[in-house]
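Okay, so here's the structure we're looking at.
The values are calculated or read from the model by the stated rules, or taken from the named source; none is laboratory data. What you see is a predicted model, and the numbers here were worked out from it, not measured in a lab. Note that each Cβ is placed from the backbone with ideal geometry, even for glycine, and that neighbours are counted across all protein chains shown.
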Amino acid sequence: MKFKNIIINSFLVIISCVLTLLAFEGILKIFNIGNTSLDNVMNLNDTGIIEKSDNKKLVYTFKPNYNGLTNSYGFRENREYPLTKDPNKKRILALGDSVANGVMVDISKIFLSLLEDRYNEKNKDQIEIINLAVSGYNTIQEVEFFKLRGLQFQPDEVWIFYVLNDPAYDGAEFAAIGKSHLLFSNQIDDIAFLGKLRKHSNLWKIIEDYFLSKEIKNRIDFKIQEKKVKFALDRGIPTLYDLMHLDEYFTDTKNSFKEIKELSIKHNFKLKVFICPILQPKEKNKYKHLHTKVETALKEIGIPVFDMLNYLDSQEIQSLKLSPKDEIHLNEKGHSVFSDILMQFIEK
């Protein structure tokens, strides 16, 4: 009988603990506690530049007037632009992620800043290029940010800089801690159990935020990434970029492009998309088929698209990387090269 009582009592304790945790989770959700953490968002919060956004799609934005890194609108600019456009100037708004944002590069040396300066030196101050790129954003967030902050600037053109991780939520990480908002009908992060916890459990987010060391968080990130790689390989999908561009994940991205295409017609601005390549030599680049898929999808929508890989010298690509292991972000030379390439698209 004693053994039976031990079993029953143990079972009751377990049930009580589970019910307590569920009740606690419910309370956290009702009062929206632990719903959005800004830690681990492209490691940007180490500098304090990001702040929580009330917009559920954006999750976060950059703080205005932050340490010379943003202007009064929170754009990655060291210049201010009036809302009312000068009719004698062409105004271009740029949307993108950390590539166009110029992560780890001085504002004055980002390709968009260089392009504005170089063009105006030759053409007597005839153009404005406003950089709305935010590190960690995907296409859905970029379009949302444009609707919220960009439309009021009355652009003549909108340029979108597309990177192959843009169908994901947060670049290579897919989903930073606390990003539980359903931007996609299917979340790649659901592949891993820990990814499910991060997405659904406010209690788990609080535990990660306040009780786990950075080392443990990094190990969790690695385990989630490992699961996603295994998921892809087990299904014959060679890379995570290929996984991101499966229809079940890429459809929402295409819908955002359709949305901004409709906005371009309604508000009378031109639209251009530039595909920023993974920085590998052309002959070794294993993602060209994904460039083709993106190009095809955008052309079907009616959006002009330009593949930056076609304008880069194959031997030079390796020298444009921010660091030897970083195949996405540009160093100062890379930004200068991109600026030179983009000069030809201002008149088109």
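For region 71-114, filtered to residues that are more than 23 Å from the chain's Cα centre (by Cα) and outside any loop (DSSP other than H, G, I, E, B), the residue that is nearest to residue 135 (Cα to Cα) is 91. Residue count for region 1-45 under the criterion of being of a type in the set (A, V, I, L, M, F, W, C) and modelled with pLDDT under 70: the result is 6.
Residue by residue, here is whether (1) touching a Cys at 6+ places or on another chain (Cβ under 6 Å); (2) polar (S, T, N, Q); (3) closer than 22 Å to residue 115 by Cβ holds:
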position	(1), (2), (3)
255	no, yes, no
260	no, no, yes
284	no, no, no
296	no, yes, no
307	no, no, yes
311	no, no, yes
327	no, no, no
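May I ask you to verify whether residue 138 is buried (at least 22 other Cβ atoms within 10 Å of the Cβ), modelled with pLDDT under 95 and in contact with an Asp or Glu (Cβ under 7 Å, 6 or more places away or on another chain)? Against the criterion (buried (at least 22 other Cβ atoms within 10 Å of the Cβ), modelled with pLDDT under 95 and in contact with an Asp or Glu (Cβ under 7 Å, 6 or more places away or on another chain)), residue 138 qualifies. So is residue 237 surrounded by 15 or more Cβ atoms within 10 Å (Cβ to Cβ), more than 21 Å from residue 296 (Cβ to Cβ) and touching a Leu at 6+ places or on another chain (Cβ under 6 Å) or not? So residue 237 fails the test.
Out of region 300-325, which residues are of a type outside the set (Gly, Ala, Ser), under 22 Å from the mean Cα position of the chain (by Cα) and at pLDDT 90 or above? Answer for region 300-325, where residues must be of a type outside the set (Gly, Ala, Ser), under 22 Å from the mean Cα position of the chain (by Cα) and at pLDDT 90 or above: 301, 303, 304, 305, 306, 307, 308, 309, 320, 321, 322. Give the residues of region 327-348 that are in a loop (DSSP other than H, G, I, E, B) and touching a helix residue (DSSP H, G or I) at 6+ places or on another chain (Cβ under 9 Å), sorted by residue number. The answer is 331, 346.
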